[in-house]
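Notes follow once the structure below has been shown.
Each reported figure results from applying straightforward, stated rules to the coordinates on display, with no laboratory input. Remember, it's a predicted structure, so these values are computed and weren't measured experimentally. In this analysis, Cβ positions are derived from the backbone assuming ideal geometry, glycine residues included, and neighbour counts consider all displayed protein chains.
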Amino acid sequence: MLPRPSLHALFMGLALSLTSLTSQASGMADAPEVQQFIQDMGQMHGLDQDALQQRFSQLAPNDRVLALIAPPTKPTQRSWQRYRSRFLDQTRIKAGVEFWNENAQLLAEASRRYGVPEEIIVAIIGVETIYGRNTGSFNTMESLATLAFYYPRRADFFRQELEQLLLMARENGNDPADYTGSYAGALGIPQFMPGSLRRFAVDFDGDGRIDLENSVADAIGSVARFLEQHGWQADAPIAVPALLNQAPDPAWIEAGIRPTLEVGALQKAGVWSSKADQARPVTFVDLVTPDAPTEYWLGYENFYVITRYNRSSFYAMSVFQLAEAIKEKKAAQKAASLAPDKG
């Protein structure tokens, strides 16, 4: 691997081309929390504190980022059908089949290596960025700094991700100001946070670098490895529908998203599923839609693993159902292409 330039050199090279803002503190640099962060980065990781001071003096809080992450002033009721409709549409299904066909060899190899079904990899990339079409245009350092120092609710998390961004930039010889992504700091085709990128992303195309922004191969391999590293069980079920003959026991929902419930005990309590595996623990999933019947499902360990990507049962079920829809459409197209011509 080629020697990597120091973070100081990267920062200062850009700083020399800027007008003289260094003579006075500006931007975020004066904030005590930022000063402490700069000091910590120098002491913990050997990052150049003068360079960081210069960088933060050029950053200001992004009001759009704060508006997007803030809870709604008038919260709407959670609706599974509304959430589902955002991701299970003909655009994502049709484009998912095309993405699968275009990258069949890569997907097959990622599935073989990590044990994750091809359709699940395709569906996650479809949900996240519509197969790379919408990866975000926010400056990642600005977004993460805004959330790290001006969003107290999750400041600790975003400071960790800002730290990971700086370390990632140094490791790859990049300027941390050059990354763009979602308003929350997620990057590339699969929308990895910097910490996840450093821990789980892989160089799947073998070119010597990890590039989730431009390399579809790296994105496919990284999604598969992320799930594998979080406990994906090869050839195991994800979720099955369930029916109830009475209102659900609140204790089933309070048990949490990690599968701990026994299918046999649920059946005795009035939960019925024709496809349930008696030997595997499950989580009880209630997909609520106002003014409509609630959908009930039993989720297995692989359902839980999908929630490590986004900690929402709505998200995991959208990925699962999109994956099934893409797989079904792909199979139908193949069958149609093999059918004898009756003309």
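A few remarks follow.
- Protection proxy ranking of 286-294, 132-140, by the mean of other Cβ atoms within 10 Å over each peptide's residues and highest first, is 132-140, 286-294.
- Mean separation of Cα contacts under 8 Å (6+ apart) over length of the chain, as relative contact order %: 18
- Each of 210, 93, 306 has some number of other Cβ atoms within 10 Å of its Cβ, and from fewest to most they run 93, 210, 306.
- Its relative contact order, with pairs defined as Cα atoms under 8 Å and 6+ residues apart, puts region 142-230 at 21 percent.
- Cβ crowding within 10 Å averaged over residues, with 186-198, 227-239 ranked highest first: 186-198, 227-239
- Average Cα contact separation per residue, region 239-299, under 8 Å, 6 or more apart, as relative contact order %: 44
- Given charges at Cβ of Lys, Arg, Asp, Glu: region 140-210 dipole, positive-most of 204, 185, 157: 157
- Label sites at residue 113 and residue 178, each approximated as a point 7 angstrom past Cα along Cα to Cβ, lie 2.5 nm apart.
- Taking 41, 28 and counting other C-beta atoms within 10 Å, the order from fewest to most: 41, 28
- Listed peptides 151-162, 212-223, 64-75 by packing density, highest first (mean Cβ within 10 Å): 212-223, 151-162, 64-75
- Greater than 25 Å apart at Cα, pairs in 74/94; 275/329; 275/327: 74/94
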